[in-house]
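What follows is a short report on a single structure.
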Amino acid sequence: MPELKVMPLREVTLADISGMLRRLANDIDNGHYEGITGAAVVLDAPGIPVFGFGELPPPVAAELFACAHLKLVRARLVGAGALEL
């Protein structure tokens with residue numbers, strides 16, 4: 001009988017927020033994304049903290065949040081395939 005192994009599908013679960021952020025940071029460090037000049041983050045916490053990192057002046061960070069909102073709305077209305085703009 002062949003030896004069976006349990007293989008994890010993800011290194012961390014989506015519910016592990018700090019783990020997913022570490023994974024994203026590793027992906028950025030490993031060159032999985034090109035041309036990154038900044039990042040914008042919103043936390044689901046009291047006061048809804050908002051952060052911008054990198055070379056992001058506040059208007060550019062605001063534009064990133066607006067683009068993200070548009071992608072999420074389109075995905076909800078059109079389907080998951082609409083996440084690509």
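Which one is surrounded by the fewest Cβ atoms within 10 Å (Cβ to Cβ) among residues in region 63-85 that are over 21 Å from ILE17 (Cα atoms) and at pLDDT 90 or above? My answer is ALA66. Just to be sure, is ALA39 of a type in the set (A, V, I, L, M), assigned to a loop (DSSP other than H, G, I, E, B) and at pLDDT 90 or above? So ALA39 does not fit the description; no.
The values are calculated or read from the model by the stated rules, or taken from the named source; none is laboratory data. If you're wondering where the values come from, they're calculated on a predicted model, not measured in any experiment. Reconstructed Cβ throughout: ideal geometry from the backbone, glycine too, with neighbour counts over all protein chains shown.
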